[in-house]
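The values are calculated or read from the model by the stated rules, or taken from the named source; none is laboratory data. Predicted model only: the values in this text are computed from it and were never measured. Positions of Cβ are backbone-derived with ideal geometry, glycine not excepted, and every protein chain shown enters the neighbour counts. Remember, those area values only see protein heavy atoms, side chains included, never the ligands or the DNA or RNA. Shrake-Rupley method; radii C 1.70, N 1.55, O 1.52, S 1.80 Å.
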Amino acid sequence: DTSVTGVQTCALPILFEPYRVTLFGHRYIDHFHEVGENLERVLDELSLQHPYVDFYIGNDGDFDLIATSAIRRLIGRRGKENITINLVLPYPKANMDLLEKQFDSVIIPPTLHGVHPKAAITERNRWMVENCDLLIAHVSHEHGGAWAAMRMAKQLDKLVLQI
């Protein structure tokens, strides 16, 4: 390509595109400490491999609590400049103002407009899977939303890391 001024131009790679990581796990977990330690090791490695990481997480149970805490500790160690933690909700909740203070952003995917609340979590999970580069999962049984999201990610040829 040549611009109007005669200077040759080329398309530059997107150097600062964030690596998007979605986290899923079961609502109830018996071994909090072990899962938290394993997740922290994975998050540390990710932060070393990727200069910018955007984390997408729900707010629906034990794994989400463990993952949110692990990401916050990662931010404490590595700094907030290159890491974001984004809450993805299926619909607005009563305490939205509090949630907006706790996360870098609170996202309700536009694809959920008009979706019945009973189907909204599944559709929210689909959006999270479709919009990630890596899915980190803690899945110990073959049923439930976390398992379905992991299966969907594999079907879409997403990178899946099970901890």
Checklist outcome for this item: log10 I(q)/I(0) for the stretch 30-76, Debye formula on C-alpha points only (no solvent), q = 0.13, 0.20, 0.26, 0.27 Å⁻¹, two decimals, reads -0.28, -0.64, -1.01, -1.07
Checklist entry - If you add up the charges near Glu142, with Lys and Arg at +1 and Asp and Glu at -1, over every other residue whose beta carbon is less than 13 angstrom from its beta carbon, what do you get? => result +2
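So, with +1 on the Cβ of K and R and -1 on the Cβ of D and E, and no other charges, what is the size of the charge dipole of the chain about its Cα centre, to the nearest 20 debye?
240
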Checklist entry - Just the accessible area per residue of the stretch 44-161, please: how many Å² with a 1.4 Å probe? => result 53
Checklist entry - What accessible surface, in Å², does a 1.4 Å probe find on Glu45, ignoring ligands, DNA and RNA and rounding to the nearest 10? => result 90
Item to check | Karplus-derived HN-Hα couplings along the stretch 117-132 (A = 6.51, B = -1.76, C = 1.60, θ = phi - 60°), whole Hz, x at Gly and Pro | outcome: x, 5, 9, 5, 5, 4, 5, 4, 4, 4, 4, 4, 5, 5, 10, 10
Checklist entry - What is the mean projected area of the alpha carbon convex hull for the stretch 116-163, to one decimal in square nanometres? => result 3.3
Checklist entry - Near His33, within a Cβ-to-Cβ distance under 15 Å, what is the net charge of the other residues, with Lys and Arg +1 and Asp and Glu -1? => result -3
Checklist outcome for this item: Around Pro109 (Cβ within 13 Å, Cβ-to-Cβ, excluding Pro109; K/R +1, D/E -1) the net charge comes to 0
Checklist entry - Between His31 and Gln162, what length in nm is gained on full extension when 0.36 nm per residue of separation is reduced by their alpha carbon distance? => result 45.6 nm
Item to check | Anchor Lys158: aspartates and glutamates whose Cα lies under 14 Å away (excluding residues fewer than 8 positions away in-chain) | outcome: Glu130, Asp133
Next on the checklist: I'd like the projected area of the chain, averaged over all directions, using the convex hull of its alpha carbons. Report it in nm² with one decimal.
Outcome noted: 12.8
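Full extension from Tyr52 to Ser69: what is 0.36 nm times the residue separation minus their Cα-Cα distance, to one decimal in nm?
Details: separation 17, 0.36 × 17 = 6.12 nm, distance 1.87 nm.
Length gained, Tyr52 through Ser69: 4.2 nm.
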Checklist entry - Using modelled backbone amide H atoms (1.01 Å from N, in-plane), which distant-in-sequence or interchain residues come within less than 5 Å of Arg20's amide H? => result Asp54, Asp133, Leu134
